[in-house]
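Notes follow the structure.
The values are calculated or read from the model by the stated rules, or taken from the named source; none is laboratory data. A quick note: this is a predicted structure, and the numbers were derived from the prediction, not measured. Cβ: placed from backbone, ideal geometry, glycine included. Neighbour counts: every protein chain shown. Areas reflect the complete protein model, heavy atoms only, side chains present, ligands, DNA and RNA absent. Shrake-Rupley method; radii C 1.70, N 1.55, O 1.52, S 1.80 Å.
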Amino acid sequence: MALLFAFFAYIINNAVLNLQALGKTFSFDFLQEPASYDINQTLIEYTSRSSHARAMLVGILNTALVAFCGVILATVLGFILGVIRLSNNWLASRIVYVFIEFTRNVPVLLHILLIHGIMVHFLPLPKQAISVGDALFLSNRGVYAPRPEFLDGFGFTVAAFGIAVIAALVFRRWAKKVQEDTGKIYPVFLICTGVIIGLPLIVFLISGSPLVWEMPKMGRFNLQGGVMMLPEFLALWLALSFYTSAFIAEIVRSGIMAINKGQWEAAGALGIRRNRVLQLVIIPQALRVIIPPLASQYLNLTKNSSLAIAIGYMDIVATIGGITLMQTGKEMETMIIVLLIYLSFSLVISAFMNWYNKRIALVER
Amino acid sequence: MTPGLVNAYEPGEHPDWPAPSSVKGPMHWIKTNLFGSVTNTLLTLLTIYLLYKIIPAMVDWMFIDAAYTGTSRKDCEAQASGACWAFIGTRLQLFIYGFYPEAERWRVNLTAVLLVVALAPVLYDNVPHRGKALIFTVLYPLIAGVLLVGGIFGLEYVATDQFGGLMLNVIIGVTGIAFSLPIGICLALGRQSHLPVLRIVCVAFIEFIRGVPLITLLFVAAVMLSYFVPPGTNFDLLVRMLIMVTLFASGYMAEVIRGGLQAIPKGQYEAADSMGLKYWQSMRLIILPQALKIAIPGIVNTFIALYKDTTLVIVIGRLDILGIGRSSLADSKWQGLSTEVYVFVAIFFFISCFLMSRYSLYLEKKLHTGH
């Protein structure tokens, strides 16, 4: 133990001596200085006159954005692939097997570079952008999509949506009570979906459709208007999602296979239809097996998003750990900040997944 | 069946006829496995359509319409409109050895051959003279280091920044794998220890390593680690990278092994205690052999992940096989061939990682002693 403390004291002493020798001080004052570099994708207001701290915040948001989108796409794709892998359609399950094996045995960095390369080299210039229904434009500078613009009165639709959700929840609780008391089953899912979609739609139409889509248009040199997604963001998002979905598919498969065959047979013996068996009996049990490894895949995806630096997506490593570090020469401070930010990302995700895991865990009596 | 045929056979003489084609045979197989229900049929048709769209185009690009010879991209384009494999062919040496001096490349080859010799007794247990061979395996890292770097025994000194290509991937991968296993075991045991300080240090280390991405650790190795050594000392970037990669892998290894340790019933620990074994004896003889066996799939997965992660060294400016490919694209003669390079590297990684995962399946089967 004493050895360990001696070791720490020794390396800290070394660091102090080295910093002194280089004439550097250990302080975080540089965060207030102007960053004087541009960032190609900013979710908040940012100019090159903004401070390093602001640049750091932009980086954090960019990392969070790609991680969030990636987690959602990877989960959806992973569940679909995992279920197809188990289906009794031989051809589809083989194809998915090949996809999974190929995807997870190739480094994620290669996926990112490959997809980015394809986007930059094979998509046309913005001038000849491929248009999908005159709404979506694919070009090597990015993908342009229509942007929603909310006019006055859209608030009514939002309010109607909120009321519909609450009404659906109340109805669900009431239907469950009725089912427990009398055994009468209402088509809860259909009615809830109907209410949640229908009510806001009616209000939307009555209040005079207060929503306009701003379409991207072909300008003189470039596409203008709409939302532009950078090829860097798209490549990173798609590559991380594909890569992680292959792992999630295997997790889902093993989770479903871990459920005893007797559960299928028991549910069948009770007369539950096959597609309801999956929903009512198998998935709730499989989730318990699936959630813990799924959480670590989410963590991996978030950490892998740091590879953004290889294609120039400005995430946290590229902003504060890259350009800021180069400009200010504050290796120690910037690296400590980056490490702490990733640690807190990891802690937040694992705290959330632990909470969810506890909620669905088997309550043993 | 006609009534006249019913008594055509003596009792007990009726031949065994094959099952009707509606329950057996290829037609039945196709019917149940591909067109069992409406959704199934739709799925099959969709898959066939996708295959029809993708496979011919891919085969065409990769093989039929590909150019295998030539000295520039123009040559390739003159021959065929598909892939330009001549690019990979002319640079194969670079892909394998990086910038290692040409006259000294026999040393890399020798190291690779010796690696196979060193690995054989670890991977298969029916190797002749296994005991002696294992001593060689233990000494191997030292021999490999001397061979590759040189500077003594009349071998010419080769600076480590000339290492590159596939060679660099293998060096980092093998070092990480070899050293992370023992460190991981120590960390896992430390995490289960009764000494609170030791436990806290191990937990903090493991959680820290697992909480940050490898590339930030590589950045730390590149820009920050030199602050923590005595002033004036300067140690090699490759060594710093190897240390970081090893520490990174051991954090993950520790968790995998902890899983194995937790799967061992308490009775095994108690039985070892009641035999009068000391802590290390009981670990070495009873607990670890069982725990490691359970942890094999996880250990191999960690190895595969580490091996794939060796490509990340390009973010701190070292050119591994992927980095070499990427930097070759800057050559004006060959510009715009990124797909070829990435496909080549992807196939290479796929083959090596797939073989590793197959080996893990083989090992699991071999060690499966249950019923």
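Exactly one condition in (1) more than 24 Å from residue B:125 (Cα to Cα); (2) more than 14 Å from every other protein chain (Cβ to nearest Cβ); (3) hydroxyl-bearing (Ser, Thr, Tyr) is false for residue B:339; which is it?
(2)
Restricting attention to the range B:342-364, does a residue exist that is at the interface with chain A (Cβ under 10 Å from one of its Cβ atoms), over 24 Å from the mean Cα position of the chain (by Cα) and free of Cβ contacts under 8 Å to residues at least 40 places away in the same chain?
Checked the range B:342-364: no residue is at the interface with chain A (Cβ under 10 Å from one of its Cβ atoms), over 24 Å from the mean Cα position of the chain (by Cα) and free of Cβ contacts under 8 Å to residues at least 40 places away in the same chain.
Condition first: assigned to a helix (DSSP H, G or I) and within 14 Å of chain A (Cβ to nearest Cβ). Can you find one or more residues in the range B:18-26 that meet it?
yes
Scan B:299, B:351, B:347 and give me the residue that is surrounded by 14 or more Cβ atoms within 10 Å (Cβ to Cβ), among the β-branched types (Val, Ile, Thr) and out of contact with any Pro (no Cβ under 9 Å at 6 or more places or on another chain).
B:299
Step by step: first the residues of the range A:74-122, then only those that are charged (D, E, K, R) and within 11 Å of chain B (Cβ to nearest Cβ), then the one that is most open to solvent (accessible area, probe 1.4 Å). Which residue is that?
A:94
Tell me the helices (runs of 4 or more DSSP H) entirely within the range A:231-341 that contain at least 1 residues that are among the small types (Gly, Ala, Ser).
Per the criteria, A:231-257, A:261-269, A:283-304.
If you take the residues of the range B:16-68 that are surrounded by fewer than 12 Cβ atoms within 10 Å (Cβ to Cβ) and of a type in the set (S, T, N, Q), which of them is nearest to the chain's Cα centre (by Cα)?
The extreme case among them is B:39.
Check the range B:152-164 and report whether any residue there is within 30 Å of residue A:338 (Cβ to Cβ) and touching a strand residue (DSSP E or B) at 6+ places or on another chain (Cβ under 8 Å).
Checked against the condition, which is being within 30 Å of residue A:338 (Cβ to Cβ) and touching a strand residue (DSSP E or B) at 6+ places or on another chain (Cβ under 8 Å), the range B:152-164 yields at least one hit.
Provide a single number: the residues in the range A:13-28 that are assigned to a helix (DSSP H, G or I), open to solvent by 70 Å² or more (accessible area, probe 1.4 Å) and in contact (Cβ under 8 Å) with a residue 40 or more places away in the chain.
0
Before we move on, is residue A:177 open to solvent by 50 Å² or more (accessible area, probe 1.4 Å) and at pLDDT 85 or above?
Taking the combined requirement at face value, the residue satisfies it.
Quick check on this structure: which one of A:160, A:164, A:145 is modelled with pLDDT of 80 or more, surrounded by 15 or more Cβ atoms within 10 Å (Cβ to Cβ) and touching a Gly at 6+ places or on another chain (Cβ under 9 Å)?
A:164
State yes or no: is residue A:8 more than 30 Å from residue B:31 (Cβ to Cβ) and in contact with a His (Cβ under 9 Å, 6 or more places away or on another chain)?
no
Return the residue satisfying two criteria in turn: it lies in the range B:220-249 and is open to solvent by less than 20 Å² (accessible area, probe 1.4 Å) and out of contact with any Leu (no Cβ under 6 Å at 6 or more places or on another chain), and of such residues it is farthest from the other protein chains (Cβ to nearest Cβ).
This residue is B:238.
Pull out all pairs, ordered by first then second residue, where Cβ-Cβ is under 8 Å, the residues are six or more apart or on different chains, the first lies in the range B:235-251 and is touching a residue at least 60 places away in the same chain (Cβ under 8 Å), and the second is in a loop (DSSP other than H, G, I, E, B) and buried (at least 18 other Cβ atoms within 10 Å of the Cβ).
B:237/B:318; B:238/B:163; B:238/B:318; B:241/B:318
Would you mind stating whether residue A:282 is more than 25 Å from the chain's Cα centre (by Cα), within 24 Å of residue A:245 (Cα to Cα) and open to solvent by less than 10 Å² (accessible area, probe 1.4 Å)?
Judged against the criteria, residue A:282 is a match.
Go through the range B:86-100 and give me each residue that's over 21 Å from residue B:149 (Cβ atoms) and open to solvent by less than 40 Å² (accessible area, probe 1.4 Å).
B:86, B:87, B:88, B:95 - these are the residues of the range B:86-100 that are over 21 Å from residue B:149 (Cβ atoms) and open to solvent by less than 40 Å² (accessible area, probe 1.4 Å).
For the condition over 26 Å from residue A:233 (Cα atoms) and either at pLDDT 75 or above or under 21 Å from the mean Cα position of the chain (by Cα) (or both), what is the one hit in A:43, A:86, A:73?
Unique residue meeting the criteria: A:86.
Are any residues in the range B:227-272 farther than 29 Å from residue B:300 by Cα and either assigned to a helix (DSSP H, G or I) or hydroxyl-bearing (Ser, Thr, Tyr) (or both), and if so, which ones?
Selection gives B:227, B:228, B:233, B:270, B:271.
Would you pick out the residues in the range B:112-133 that are within 19 Å of the chain's Cα centre (by Cα) and of a type in the set (Val, Ile, Thr)?
B:113, B:116, B:117, B:122
Restricting attention to the range B:52-93, report how many residues are part of a loop (DSSP other than H, G, I, E, B), in contact (Cβ under 8 Å) with a residue 60 or more places away in the chain and farther than 18 Å from residue B:346 by Cα.
2
So which of A:254, A:296 ends up being out of contact with any helix residue (DSSP H, G or I) (no Cβ under 8 Å at 6 or more places or on another chain) and either open to solvent by 20 Å² or more (accessible area, probe 1.4 Å) or without any contact (Cβ under 8 Å) to a residue 12 or more places away in the chain (or both)?
Going through A:254, A:296 in turn, the sole match is A:296.
Quick test for you: out of B:252, B:269, pick the one residue that is aromatic (Phe, Trp, Tyr), out of contact with any Asp or Glu (no Cβ under 8 Å at 6 or more places or on another chain) and surrounded by fewer than 18 Cβ atoms within 10 Å (Cβ to Cβ).
Answer to the check: B:269.
Give the residues of the range A:305-334 that are under 16 Å from residue B:312 (Cβ atoms) and within 7 Å of chain B (Cβ to nearest Cβ), sorted by residue number.
A:306, A:307, A:309, A:310, A:317, A:321
Return the residue satisfying two criteria in turn: it lies in the range B:207-219 and is within 19 Å of residue B:304 (Cα to Cα) and in contact (Cβ under 8 Å) with a residue 40 or more places away in the chain, and of such residues it is most open to solvent (accessible area, probe 1.4 Å).
B:210
Quick check on the range B:285-307. Is at least one of its residues within 20 Å of the chain's Cα centre (by Cα) and farther than 25 Å from residue B:184 by Cβ?
Within the range B:285-307, none of the residues are within 20 Å of the chain's Cα centre (by Cα) and farther than 25 Å from residue B:184 by Cβ.
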